[in-house]
Every structure is written in C-alpha cells, then in structure tokens.
1. For the stretch 152-198, give me each residue that is of a type in the set (D, E, K, R), buried (at least 21 other Cβ atoms within 10 Å of the Cβ) and farther than 18 Å from Leu92 by Cβ.
2. So, restricting to strands (runs of 3 or more DSSP E) that lie completely within the stretch 1-103, which ones have at least 2 residues that are of a type in the set (Ser, Thr, Tyr) and assigned by TED's automatic domain parsing to the domain that holds Ser198?
3. What are the pairs, 6+ residues apart or on separate chains, where a residue within the stretch 197-218 that is outside the structural domain of Ser10 (by TED's automatic domain parsing) has its Cβ under 8 Å from a residue that is assigned to a strand (DSSP E or B)?
4. For the stretch 67-85, how many residues are crowded, with 17+ Cβ neighbours inside 10 Å and farther than 20 Å from Tyr243 by Cα?
5. Does any residue of the stretch 15-29 turn out to be at pLDDT 90 or above and farther than 21 Å from Pro187 by Cα?
6. Is it fair to say Glu254 is modelled with pLDDT of 95 or more and exposed (fewer than 15 other Cβ atoms within 10 Å of the Cβ)?
7. Taking Pro221 as the residue in question, decide whether it is out of contact with any strand residue (DSSP E or B) (no Cβ under 7 Å at 6 or more places or on another chain), surrounded by 23 or more Cβ atoms within 10 Å (Cβ to Cβ) and not β-branched (Val, Ile, Thr).
8. Considering only the stretch 53-65, state which residues are farther than 14 Å from Thr188 by Cα and of a type in the set (Val, Ile, Thr).
Amino acid sequence: MLELYQFELSQYSEKIRLILDYKGLEYRKIEVTPGVGQLELFKLSGQRQVPILKDGETIVADSTEIAFYLDRKYPEKPIIPTDPVARGQCLLIEEWADESIGVKGRTALIGALNKNPNFRTSILPQEVPDFVKTFVGAVPGDLLTVLGTGLGLGPEAVKAAQTALKQDLEALSLILQHRPYLVTEEPTLADFAVAGLSMILKFPAGDYLDIPNQLKGKGIPGLADNTTYDAFFLWRDRLYMDYRKPKMATSREESNPTQINID
C-alpha cells in the first residue's frame, strides 16, 4: 500500500491526498512529528519537508514530483493533460498556486492566529491538554506579532499576503463562475493544487481532515467569510464532495494518522 508521510494541516500534503482520492488509490497516512520526526524522515528520503510518498521501494519527495510520479505510475484518471496548450496552462497554474496561495496562505494564517486567541487554540490538535490550550490562548497577540516580525512574518508581510490572496481569490472566482474546472472539462493537477493549497484559507466543512469540529468551514477572517469569493469556495466544496473521500467513508485510513516510525 502507498504510504504518505505528511502533516495533517500541510496544504501540500492535502494536494496529494486529493490526487490519491481522485485516482482511487489506497494509501496510509503517516503523521510526521515536527522536529525529531523530520530528522527521521531525512534518513528515509534525504528531505525534511512533507509530503513524502513511499511506493514499495520507491521514495518520492515534493508535492509536484509526487503528482508527476502518480500520473506516470497510475495513469488511469490522468491529471496532466496531453494537449500542449492545456498541459502548459495546467503546469503554469500549478506552479503559481504553489508559490502564491501556498506561501502567502501560510503567512496570512499566522497573522490570523496572532490576532485571534480563539482561532489560535482551536487549530491545536484535539489531544492537546486543556491547560496547554489555555496557555497558548493567553499569549498576548502583540508578543506574537513581535516574534513574527523577527521571522519576516510581521504586520506588513501579513497585510501584503492578504492583499495578494484577495486578488488571487477574486481572479479564481471570476474564472470559475461559468466553467467546471480551471483548464479542461475534467479536473487536472491545476485544480487539485489550487483546492488543496487553499485548505488553510478556509477549512473544508466536511469530515475530510483530522481537525476540531469548530474549525470545519472556518478560516482566515476577511478571506473565508468574504462573499466576493463565494464562487471559488463553492467550486472547491463541489470538488471535495465529488472526489475527496471523507475519513469515515473508507477503511484505508485509521481514524487518526499513524505516527512516523522509521527503522
């Protein structure tokens, strides 16, 4: 069985989970513990970042490379068009989504977590003790903002990311108003990249992720609740309903991802 080494809240892992579900491939999620787990992952793959796909003796790193590998190895229900123009558009949108929605989405999320204590605590894993959640929620937002500034994630960076994301979401909403998918009449890598990477802008409402119930259907204020982008999020929700398998609908996954265990 395919094994996906991942973080549950990794947008790039979600991109691959969407593709695996679309292709109907069975896989096991293996949750990588930040820090020590990433060092163990390096022993396996030479990479510290997720996602990593293990297919028998084959190890593939990077979400784009994994997508290409899956389309070559499991060609049924292809995700990369063969028509030259459609292929070019697909690859261009996928690369843009990785660098725009992916990177700027994380910056905007950090800004929202800094400002909103309730949002900050709700995103913690359900098994975190209540006293830890209370402590995290009590950390002053101003302090987190100062720390973020030192890491290049200060207010100006957050504002710039949100402004860019608003333009991205408006453009996507306009494109998707009267067409089923971004490139062709069938979903492609471009669609799964955009949908997966937008996960943290507004979490899917269904039972797709191991996240607290209060987070489902919620997201970054100003983006997730802005009606200007309804066409995009409605499109994404339909894509999830059509192709993403809910956690309880399949026996291929345990209720919680397996923790990393590398010999």
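The values are calculated or read from the model by the stated rules, or taken from the named source; none is laboratory data. Only a predicted model underlies this, so the values are computations on that prediction, with no experimental measurement involved. Methodologically, a virtual Cβ is constructed for each residue, glycine included, from the backbone with ideal geometry; neighbour enumeration extends over all protein chains shown.
1. Correct list: empty.
2. Fully inside the stretch 1-103 and qualifying: nothing.
3. These pairs meet every condition: Ile200/Gly219; Leu201/Gly219; Lys202/Gly219; Phe203/Gly219; Gly217/Lys202; Lys218/Lys202.
4. Total satisfying the criteria: 0.
5. yes
6. no
7. Taking the combined requirement at face value, the residue does not satisfy it.
8. Thr58, Ile59, Val60
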